[in-house]
1. Based only on other Cβ atoms within 10 Å, what is the fewest-to-most ordering of B:23, B:44, A:53, A:1?
2. Please give the direction-averaged projected area of the C-alpha convex hull for the stretch B:35-115, in square nanometres with one decimal.
3. Nearest-5 percent of antiparallel DSSP beta bridges in the protein assembly as shown?
4. With only alpha-carbon atoms in the gyration tensor, what are the semi-axes of the equivalent ellipsoid for the stretch B:1-74, in Å, largest first?
5. How big is the Cα convex hull of the stretch A:1-131 in projection, averaged over all directions, in nm²?
6. Give me the Å³ per residue figure for the convex hull around the C-alpha atoms of the protein assembly as shown.
7. Under the definition of Cα pairs under 8 Å and six or more residues apart, what whole-number percent is the relative contact order of the stretch A:25-117?
8. In whole angstrom, how far apart do the alpha carbon centroids of the stretch A:131-173 and the stretch B:1-79 sit?
């Protein structure tokens, strides 16, 4: 079984080396770094160390960067693709736990959740409120309850890789992709993982932007849950 | 309509049409996206030459002041054009994203071959 780790990286020169070292300690996984038009030395560090990297000439944002990884996974015939953030907040020691349901056929799409065992970094309380609101919104829209819906630590099988190449939404990829996958009839599962506080650098979502972000995400989630009914009519073949 | 106003309106319409056709000729504007501007330019020209028709249509749909009729439909027209522009920009953004992704992957393949 071919397994690919997709690492979106935007200005992660300080975090990448330790992340790749950690990933190499877990055998059986290939990885690809998607350098999303970084302005720092991310590209130079990857070349110096001979890391497997795709370099995007302009900054497309996390959604499109990750989608590049799924495209690469599809073109190279990978069976499983796992997303890990380039900032080092996702602990690669949980890789095998995460993909277990995929290998055993229990799920098509596994979300690594920091809230299930409540261990590791639990995020700030303000952000937790936001996540729980969005989680409830997704429950209302789809009838499925997932807790860590903004988690970027996730694993999918081949059919979902194909779905994400065609339908991955670029604006709010994490919660969006959950709705897309549910609406397409895929089986989703949440698995406990531990997360860490970002090693270096700042998170891409700042506190002050949170309320605006919430409004945008909610609107776009509601819209996408409606719009997908049309996609379904085209038949299930993606 | 006051003759001075009419002369100003006609010369503005002529100027507008002239610029649209110039840009079309130079290839600055794509014909596909210019057709609406050509139509609106021709409408402006005919409305300023024959203002009585504007009054007639305005009265027909119950707008007492012809100028209000023009304002209203002018704004509606601009809204449609703006929406159209947003659609086009979104489409282009999508295309650029896809091209960038493919370019990144191709570049990687190239680097691997030349190693």
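No lab work stands behind these numbers, since they all come straight from the coordinates. Please read these numbers as outputs of a predicted model, since none were measured by experiment. Glycine also receives a Cβ, built like all others from the backbone with ideal geometry; neighbour counts cover every protein chain displayed.
1. Working: B:23 14, B:44 19, A:53 23, A:1 10.
Ascending number of Cβ neighbours within 10 Å: A:1, B:23, B:44, A:53.
2. So the mean shadow area of the Cα hull is 7.3 nm².
3. Here the antiparallel bridges make up roughly 30 percent for the protein assembly as shown.
4. Its equivalent ellipsoid spans semi-axes of 27, 15, 8 Å.
5. Details: hull surface 35.4 nm².
For the Cα atoms of the stretch A:1-131, the hull's average projected area reads 8.9 nm².
6. In the protein assembly as shown, the Cα hull volume divided by residue count equals 203 Å³.
7. Result for the stretch A:25-117 is 22 percent.
8. Cα centres, the stretch A:131-173 to the stretch B:1-79: 49 Å.
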